[in-house]
Amino acid sequence: MPAEDATGSPEEITVRDAVSAPDAEGRPRRATRRFPLFTRDTARPEGGGRAAPGDAPAPARQWPVLAVLALVGLGLLLTALDVFRYGTLLIGAALLTGALLRWLLPDVGMLAVRSRFTDIATYGVLGTAIVLLAMMAQPHPWLEIPFLKDTLHFTVSG
């Protein structure tokens, strides 16, 4: 028997894919998050909702990603203006800020790309690597790791 709407007339059922095709009562035969071979849509990452209410202007709804992008842009500008070490430190700090925002805030808008754990790990590892590389940049590095020099001599002279 087809499903009925509030007026009592039969309601049309639209089948979108074979996985969620309804049974005789109109319920999906199988509920799954798995997508068919050719996807037309993807699931939004957890925390991917707006960071501000829907009636707020677009920049306010996406302030976490805009803050990270502004810091990266400023870092790139500093790097282009020949302040390499401070520019790259700022880029690494921007990624670490993105990891911190992703960890602390429930909804971060477009800063959420993958699962929360994957985003935090990716932003954190890349941000840490960029900060460490900026601190080890020549000339006059702020951070020297002794075994790296020995490793370089071993691989080059080997």
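Here residue 52 passes the criteria (1) part of a loop (DSSP other than H, G, I, E, B); (2) touching a Gly at 6+ places or on another chain (Cβ under 9 Å); (3) at pLDDT 75 or above except the one numbered (3). Screening the candidates 127, 87, 92 for the property of being within 19 Å of residue 47 (Cβ to Cβ) and assigned to a helix (DSSP H, G or I) yields one hit, 127.
If you go through segment 43-74 and pick out every residue that is without any contact (Cβ under 8 Å) to a residue 40 or more places away in the chain, over 23 Å from residue 90 (Cα atoms) and surrounded by 15 or more Cβ atoms within 10 Å (Cβ to Cβ), you end up with 1. Scanning segment 102-119 for residues that are closer than 24 Å to residue 133 by Cα and either of a type in the set (Ser, Thr, Tyr) or modelled with pLDDT of 95 or more (or both) gives a single hit, 118.
Residue check: is residue 148 out of contact with any Cys (no Cβ under 7 Å at 6 or more places or on another chain), loosely packed, with under 12 Cβ neighbours inside 10 Å and in a helix (DSSP H, G or I)? For residue 148, the condition - out of contact with any Cys (no Cβ under 7 Å at 6 or more places or on another chain), loosely packed, with under 12 Cβ neighbours inside 10 Å and in a helix (DSSP H, G or I) - is met.
Every listed requirement among (1) of a type outside the set (Lys, Arg); (2) farther than 11 Å from residue 47 by Cα; (3) not in a helix (DSSP H, G or I) is met by residue 97 save one, (3).
Test residue 89 against the stated conditions and say whether it is among the hydrophobic types (A, V, I, L, M, F, W, C), in contact (Cβ under 8 Å) with a residue 40 or more places away in the chain, closer than 16 Å to residue 134 by Cα and buried (at least 16 other Cβ atoms within 10 Å of the Cβ). For residue 89, the condition - among the hydrophobic types (A, V, I, L, M, F, W, C), in contact (Cβ under 8 Å) with a residue 40 or more places away in the chain, closer than 16 Å to residue 134 by Cα and buried (at least 16 other Cβ atoms within 10 Å of the Cβ) - is met.
What are the residues in segment 103-124 that are under 14 Å from residue 69 (Cα atoms), part of a helix (DSSP H, G or I) and in contact with a Pro (Cβ under 9 Å, 6 or more places away or on another chain), if any? The answer is 109, 110, 111.
The values are calculated or read from the model by the stated rules, or taken from the named source; none is laboratory data. Because the structure is predicted, anything quoted here is derived from the model rather than measured. Note that we place each Cβ from the backbone using ideal geometry, even for glycine, and neighbour counts take in every protein chain shown.
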